[in-house]
Amino acid sequence: MNRKMFLGVLASTVVIAGSTFYLASDTSNFTREDIKTKKTRKLSLSADEEEIMFLASLAPSGHNAQPWFIKYIEPYHWIICNDKTRWLPAVDPHQRETILSIGAFIQNLEFAASSLGYKSDFTLLATTNQDEHVMKVALTKTDYKTKYYIQKIKQRRTVRANYLNKPLKVEDLNYLLSGEFDVFNFIPNTDSNYQIINEQTIESNKLQSYRNPAERELANWIRFSSSEAEKKRDGLTTASMDISGIPGWVVRNFYDKASVMDNKFREQNISNVIKQVSQSAGWMLITSKDNSVASLIETGKQMQRLFLKVHDKNIAMHPMSQILEEPTTLASINQLLGINENIQFMLRIGYVKEYPNPVSLRRAVDKIVQI
Ligand SMILES: Cc1cc2nc3c(=O)[nH]c(=O)nc-3n(C[C@H](O)[C@H](O)[C@H](O)COP(=O)(O)O)c2cc1C
């Protein structure tokens, strides 16, 4: 073999070895539509009960930890519970976000039940954010169905990328605010408070990215490979973090918990946040009168009602909670913004050209119900 032939053979060998390696690797993001089995064991639930629980579980939650489960008392009579094994102590030490997420779950449950023709009667059981039994629910059949919610619940998602800076149309803003004027506070990107929230969001993300317990907790909720994502069906995946293409492939195949603790990963997160906050129509803040369990559940429900509406107007929404999670930024934010009420959510919102499909995963219903 002469030198030219040798180099040719070598190059083809490298290409073949490379393609074989690529084909054997984790080649694509695992998303909600890749879930094959919706059920893993036979449940003694009616089809309606199972559907209502499934739709409730599509609620958002911090790190997609899904901090809920259902105790089944009898048909159509359940207790919605707080799952302490799914708390996020490093960023949510008082389980404020856990209860907000359970509020969103309860709102989905109520809408899902009414879509299938059931009226929900709720009784609050929890007096602290840590109580296991949060809310009792009894469903009774009615003659009335509000069908349109099911698709909205299925289509809702957190969008993190590609926001436009276009201002919100007055009629769209009125649609979002309708019925909730007292607790929703929209800060358009022309307002001086908008700049303050952007700066504080960047600052709090810097603090949190270099706070090791918070970063370690994040690492524990990232599902790096598709097989891990498929097995656990919770947490943050490359798809839900909007990491696709070659970067997604690199993360799925070569990253692990230790990579998240690396400064390169922390800096990448901070640059993503800088880019994200530079794109939006503004911030929607949701406040509450106090921090009682009842108020947090109501605020979680209000947030979810907004989340289910935004898609109608091609508006994306992204909760960014770091200001409220980092003690330093939390201590000064009310004064900086001139707001007296308790801020429970800071939501970046804006139009998008194309609305992406939902990709985040949920555990199967049989994993969230105890019969
Ligand atoms: C209380 C709460 C806090 C959240 N905080 C953040 C946040 O700080 N940053 C972020 O990117 N997403 C945040 N999210 C969005 C979740 O990560 C998201 O809901 C979850 O990953 C499931 O994805 P989905 O909303 O697309 O179904 C938050 C959600 C809730 C309910």
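Just so it is clear, none of the values below were taken in a lab; they were calculated from the coordinates. Fair warning: this is a prediction, and the values are worked out from it, not measured in the lab. Every residue, glycine among them, receives a Cβ derived from its backbone with ideal geometry; neighbour counts consider all protein chains shown.
Please state the equivalent ellipsoid semi-axes for the range 62-113: what are the square roots of 5 times the Cα gyration tensor eigenvalues, largest first, in whole Å?
Listed largest to smallest, the semi-axes of the range 62-113 are 22, 12, 7 Å.
Assuming a viscosity of 1.306 mPa s and a temperature of 10 °C, what translational diffusion coefficient in µm² per second does Stokes-Einstein assign to the range 217-274, Rh being the Kirkwood radius over Cα pairs? Write down the numbers at each step before the final one.
Values: Rh = 11.6 Å.
Answer, rounded: 136 µm²/s.
Using 0.36 nm per residue, how much length does the chain from residue 336 to residue 138 gain when fully extended, once their Cα-Cα distance is taken away? Before the final figure, lay out each step's value.
On the way: separation 198, 0.36 × 198 = 71.28 nm, distance 4.37 nm.
Full extension from residue 336 to residue 138 adds 66.9 nm.
Using alpha carbon coordinates only, what is the Rg to Rh ratio of the range 180-257, with Rh defined as the Kirkwood radius? Intermediate results must be reported in sequence, preceding the final value.
Working: Rg = 17.1 Å, Rh = 15.2 Å.
Looking at the range 180-257, the ratio lands at 1.12.
With runs of 4+ DSSP H residues as the only contributors, calculate the mean residue ellipticity of the chain at 222 nm using -39,500 (n - 2.57) per run, divided by the residue total and rounded to the nearest 500.
-14000 deg cm²/dmol
Which part of the range 277-313 falls in the paramagnetic zone of residue 171, meaning amide N under 16 Å from the point 7 Å along Cα-to-beta-carbon?
Counting only backbone N, you get 312-313.
Two decimals is fine: what is log10 I(q)/I(0) at q = 0.07, 0.11, 0.13 Å⁻¹ for the chain, from a Debye sum with one equal scatterer on every Cα and no solvent?
-0.33, -0.79, -1.09
Rounded to two decimals, what is Rg over Rh for the range 170-351 when you use alpha-carbon atoms and the Kirkwood radius? Each step should come with its number before you reach the end.
Working: Rg = 17.4 Å, Rh = 17.8 Å.
When Rh is taken as the Kirkwood radius, the ratio is 0.98.
Filter the chain for me: DSSP H helices, axial length by Cα at least 27 angstrom, mean Kyte-Doolittle hydropathy not below 1.0. List them by residue number. Spell out each step's value before the answer.
Values: long enough: 3-24 (31 Å, 1.27); 96-115 (29 Å, 0.50).
Long hydrophobic helices here: 3-24.
Which entries in 206/275; 154/309; 119/232; 147/301 show an alpha-carbon gap greater than 22 Å?
119/232
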